[in-house]
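A short write-up of the structure that comes next.
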Amino acid sequence: MSNLGHTCWLCLLWSHYQHCPIEIEWHGIWFVTGTFDYDLVVIGGGSGGLACSKEAAQLGQKVAVLDYVEPSVKGTKWGIGGTCVNVGCIPKKLMHQAALLGTALKDAQKYGWQIPGPISHDWSTMAEAVQNHVRSLNWGHRVQLQDKEVKYLNVKGIFFLFFMNCCFTQLKGNIVIATGGRPKYPTHIPGAVEHGITSDDIFWLKESPGKTLVVGASYVALECAGFLTGIGLETTVMVRSIPLRGFDQQMAGLVTDYMEAYGTKFSWRSVPKSVDKLSSGVLQVTWTDEQTGKDQRDTFDSVLWAVGRAPETKTLGLEKVGVKLNKESGKILVAADESTSVPNIYAFGDIGEGRPELTPTAIKAGKLLARRLAGRTNELMNYDNVATTVFTPLEYGCVGLSEEEAESRHGKDSIEVYHAFYKPLEFTVAERDASQCYIKVVCKRGGDQRILGLHFTGPNAGEVTQGFAMGFQCGATLTHLKETVGIHPTCAEELTKVNVSKRSGLDATVTGC
Amino acid sequence: MWAFYNGRTQARGKREGREAKSHGGYSKKKLNPMAHRLLVRRIWTLSVKDLRCLPASLSSFSTSLRSSTTPLSLLSPKRTLPRSLPHTSRREVSFNVQDHEDFTERVINSELPVLIDFHAQWCGPCKILGPRLEKAVAKQKGKVHMAKVDIDDHTDLAIEYGVSAVPTVIAMRGGDVIDQFVGIKDDEALDSFVSKLVGQ
């Protein structure tokens, strides 16, 4: 590849020059250093982008990472680190923990703790602590980039057709797009944009959201509704059709059953029609109950839209340089090696079509991509067998296929599903209902009974599932599982003891010790 | 045993080694890159007023973007005669740094020695060190100033001065870094640190 020299093939709009009306198509700004011979430019400083850029720098490449956060409709902004660090995994898990601690405090009395008065939760204290931790992570990332000599720019990266046409063959380095996604607003609903918030805003609120309506049934919706209920806020989840689309539906049902039993209201088969702000400041939501066909109305302090995420490709100008997108989703079409339809341009993470929207896959894919681009490996990212956990009040961890997916791929007669309803020991003294604590192991029928999918609802589902995910990766069979001696007393050991199949019709409730 | 927040969980040993060196004394090895940065900054900021009208004037460069020399020279720091130091009439001994210009004016160009306290609101030890620093500075009765820099508000500045963990305190005189330390010090050690800066 010939040396590009100083010609700019990627034009950058300085974020703080917004007062100056520069037309994107005709203006370019140099890097302050004056040179532009980077081996790798990563657009997006999230989980994937940072992992890729740091790995590349470690391998001796000259790397720049561009990160820019377009403020949310409500004006929320955050630092480097992407969705996971700022408005996703991290603050979510911390607030989920806050909610769990509330439940633990209630259980504590049964265990002998003398708690003098009624327990209440202060949103501001929690929010400040969570936000401070996120800020410390932002800082940590900046320091790491500095240490690894990755050039960081807080700017938007925009492709400029003019240069791409003329200079593309002279491109020296590679461009990696890892811009991720942002929550969608249902723009067709009057009042949705003006009065609603999304997951981009909820973690950065200084004041409590109060009585909240969460619209959606994705894991984002359920996790948010879960912790809001847990900290004592009146919360309603409005579901259009099914919860946790894409996940095992039996498990999804157990998750929502638990949430309903523990105080979250669910409005099933409901579609919001409009959101109005009343003179008192509260929001009035009108929705259609699809079962009766009638309209219903209620007031809330906050409306949280969790109706899906859209990829951040609009402002990139990708169509100008010929990067092909999936017309429906807007995500970038990528090959197994994360390459796009344009040579030297790669894309991975949430932005890639068909990729799991998870941090660990983005990080691993980013590192492998960096190694491949530096010529150190040919290894491709393996997106199969990725374990995940939904951090709802009753956590749900899984790896492999759902029961429906296994049935569809292998046929109902070719699979054997073993299951068990168990009770965590800790729930006994606390007199807590454990009806939704459940395990399901979907196996191939006959032979060594290879495990196709593993599902677990219960406390610490993430911790439980992680270890079994390794077994799954190694091609575990039911025999392996049965040969594993459980650790006692734990919830996880119930997985090693599973022996009742659905086909047998026998009672799957675990009894005794 | 104090702990300090830096967002990094690895390389703690490496960092502690560096701190041991900077404890009470500053490793000569690090001074040179920082001093170089300070020199560049001084020259750079003197011509920053020229650069502020950059966006508007760039429109004339769109056609000349292929030629590398013109934009480069526009952006590289100019060498001009240093302007006269602004007369410091501020009364505050301890202040929060507002921006880069404020830092240049009140810290780099300060006639008095300055302690720069790099801190963050998420940093617990910073909250302990902060009041101790104020006390030590107050004891000097105006002979030394303290500039407080919130690293979340002024991340670039903090990165430029090589701050990785907080609290980091840099002692500066005449625009030069004289000494620095990371973490908490007790009152006695702080008094001695500040006295050394003042030159007693």
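Considering only the range A:268-294, state which residues are surrounded by 13 or more Cβ atoms within 10 Å (Cβ to Cβ) and not β-branched (Val, Ile, Thr).
A:TRP268, A:ARG269, A:SER270, A:PRO272, A:LYS273, A:SER274, A:ASP276, A:LEU283, A:GLN284, A:TRP287, A:ASP289, A:GLU290
Considering only the range A:246-303, how many residues are farther than 20 Å from A:ALA99 by Cβ, under 24 Å from the mean Cα position of the chain (by Cα) and of a type in the set (Ser, Thr, Tyr)?
Residues meeting the conditions: 1.
Could you please find all residues in the range A:179-209 being part of a helix (DSSP H, G or I) and β-branched (Val, Ile, Thr)?
A:VAL193, A:ILE202
Out of B:ILE184, B:ILE108, I need the residue that is among the β-branched types (Val, Ile, Thr), farther than 18 Å from A:GLN146 by Cβ and over 12 Å from the mean Cα position of the chain (by Cα). Which one?
Going through B:ILE184, B:ILE108 in turn, just one is among the β-branched types (Val, Ile, Thr), farther than 18 Å from A:GLN146 by Cβ and over 12 Å from the mean Cα position of the chain (by Cα): B:ILE184.
Pick out the one residue from A:ASN132, A:ASN165 that is out of contact with any Leu (no Cβ under 9 Å at 6 or more places or on another chain), in a helix (DSSP H, G or I), within 14 Å of another protein chain (Cβ to nearest Cβ) and at pLDDT below 95.
A:ASN165
On the given criteria, is A:VAL510 buried (at least 16 other Cβ atoms within 10 Å of the Cβ) and at pLDDT below 95?
In short, yes.
Just the residues that are over 25 Å from the mean Cα position of the chain (by Cα), among the charged types (D, E, K, R) and outside any loop (DSSP other than H, G, I, E, B), please, taken from the range A:425-449.
Correct list: A:GLU426, A:LYS444.
Report whether or not A:THR315 is within 25 Å of the chain's Cα centre (by Cα) and not charged (D, E, K, R).
So A:THR315 passes the test.
Does B:LYS148 count as out of contact with any helix residue (DSSP H, G or I) (no Cβ under 9 Å at 6 or more places or on another chain) and either within 17 Å of B:ALA165 (Cα to Cα) or at pLDDT 95 or above (or both)?
No.
In the range B:100-136, what residues are touching a residue at least 40 places away in the same chain (Cβ under 8 Å) and within 14 Å of chain A (Cβ to nearest Cβ)?
Within the range B:100-136, B:HIS100, B:PHE118, B:HIS119, B:ALA120, B:TRP122, B:CYS123, B:GLY124, B:PRO125, B:CYS126 qualify.
The values are calculated or read from the model by the stated rules, or taken from the named source; none is laboratory data. This one's a predicted model, so the numbers in the text were calculated from it and none came from an experiment. Cβ coordinates were reconstructed from backbone atoms using ideal geometry, including for glycine residues, and neighbour counts include every protein chain displayed.
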